[in-house]
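> Have a look at this one.
The values are calculated or read from the model by the stated rules, or taken from the named source; none is laboratory data. Just so we're clear, the structure is a prediction, and the values are computed from it rather than from any experiment. We place every Cβ from the backbone using ideal geometry, glycine too, and count neighbours over all the protein chains shown. Please note that ligands, DNA and RNA were not included when accessible areas were found on the heavy atoms of the full protein model with its side chains. Shrake-Rupley method; radii C 1.70, N 1.55, O 1.52, S 1.80 Å.
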Amino acid sequence: MQEGYSLWGGVVNQWCARANPGLEYFCYISPYAYPHIRSRIFIQTEQYDTYQVSSNCCSPPFQGDEVEYVRTLRLAFATSLTEIREPSSVFSGACYHHCLTEDASFNTIAIKGYTMQQVLTSWYYQDSTAPTHAIATCPSFNCSVGCPESPY
């Protein structure tokens, strides 16, 4: 990220840049950028994000220390998402998946009976037909309703 930032001449949020002098490229990384975003945003992430898990560690079936790593990563995702404040919104299933907008998961993964499509629509139009914060709390791997089956 640091090398890319200098190559593409990145321009980041001024408040984030001031908070991270010399490390401005951090402002492309969610936990560093989010505190400085002033507009409302919709955040979607999977707690067992396939890209993050496989890039950092491993792929299922998880063995030994991998199991603990994947649990720890999920907890970190879920905990950080509780900090999302109104008027922003979040949808986060406990699925081993990456991007819900690229396939039918947009309409099939559900948290407390609500799909991402319903939560996003409710948030965007500012109605109350669905919650604006949907974070899965089911207890196990790939446990949200409608998660794509793991290919492993």
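> Taking only DSSP H segments of four or more residues, each worth -39500 (n - 2.57), what value at 222 nm results for the chain once the sum is divided by all its residues, to the nearest 500 deg cm²/dmol?
Result for the chain: -9500 deg cm²/dmol, rounded to the nearest 500.
> Which of the cysteines in the chain are isolated, no other cysteine C-beta under 4.7 Å?
99, each lacking another Cys Cβ under 4.7 Å.
> If ligands, DNA and RNA are left out, what is the accessible area of residue 11 with a 1.4 Å probe, given in Å² to the nearest 10?
Answer for residue 11: close to 130 Å² accessible.
> If you don't mind, there's one more thing I want to ask. Quick one: compute the contact order of the chain, relative version, from alpha carbon pairs under 8 angstrom and 6+ residues apart, as a percent.
Computed over the chain, the figure is 22 percent.
> State the antiparallel share, in %, of DSSP beta bridges confined to the chain, rounding to the nearest 5.
35 percent
> Quote the FRET efficiency, to the nearest 0.05, computed for residue 55 versus residue 143 with a Förster distance R0 of 25 Å and r equal to the Cβ-Cβ distance.
0.70
> Using a 1.4 angstrom probe on the protein heavy atoms only, could you order 120, 75, 81, 23 from most to least accessible area?
The most accessible residue leads, giving 75, 23, 120, 81.
> Quick one: Kirkwood hydrodynamic radius for the range 1-69, alpha-carbon pairs, angstrom, one decimal?
Over the range 1-69, the inverse of the mean reciprocal pair distance is 14.4 Å.
> Please give the per residue accessible area of the chain, computed with a probe of 1.4 Å over protein heavy atoms only, in Å².
Accessible area per residue, the chain: 59 Å².
> Return the long-range amide H neighbours of residue 41 (sequence gap of 5 or more, or a different chain), with a cut-off of under 5 Å between placed amide H atoms.
88, 89
> For the chain, give the percent of accessible area contributed by carbon and sulfur heavy atoms, probe 1.4 Å, rounded to a whole number.
It is 55 percent, rounded to a whole number.
> Would you compute the Debye intensity of the range 8-152 from its alpha-carbon atoms alone, equal scatterers and no solvent, and pass along log10 I(q)/I(0) at q = 0.13 Å⁻¹ to two decimals?
Per q value, in the given order, log10 I(q)/I(0) is -0.64.
> Ok, one more. Residue 48's amide H: which non-local residues (gap 5+, or another chain) put their own amide H closer than 5 Å, with H modeled 1.01 Å from N in plane and none for Pro or chain starts?
Counting only residues 5 or more places away or on other chains, the set is 95, 97.
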